[in-house]
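The structure appears below as structure tokens.
The values are calculated or read from the model by the stated rules, or taken from the named source; none is laboratory data. None of these values were measured; they are calculated from a predicted model. Methodologically, a virtual Cβ is constructed for each residue, glycine included, from the backbone with ideal geometry; neighbour enumeration extends over all protein chains shown. For accessibility, only protein heavy atoms count, side chains too; no ligands or nucleic acids. Shrake-Rupley method; radii C 1.70, N 1.55, O 1.52, S 1.80 Å.
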Amino acid sequence: MLIYLCDDSKSDILRLKHYLNGYAKQRQMNFELISFSSGEELLAVFTQAVLRPELVF
């Protein structure tokens, strides 16, 4: 599962990654997290991506 995280606050991104990794460990899930610091950056990658994310935060 691919998840995109977008936030201009580095600490908020780290906190969300921590919670998602804890959830994944508890549920024995695997996923890839990719973080972005702006919506423009996220959209640039999203429009060029072959594999699209299942979730965007």
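Considering only residues in the stretch 46-56 that are under 13 Å from ILE3 (Cβ atoms) and open to solvent by 100 Å² or more (accessible area, probe 1.4 Å), the one that is modelled with the lowest pLDDT turns out to be LEU51. Once the stretch 10-45 is narrowed to residues that are out of contact with any helix residue (DSSP H, G or I) (no Cβ under 9 Å at 6 or more places or on another chain) and outside any helix (DSSP H, G or I), the residue that is surrounded by the fewest Cβ atoms within 10 Å (Cβ to Cβ) is GLN28.
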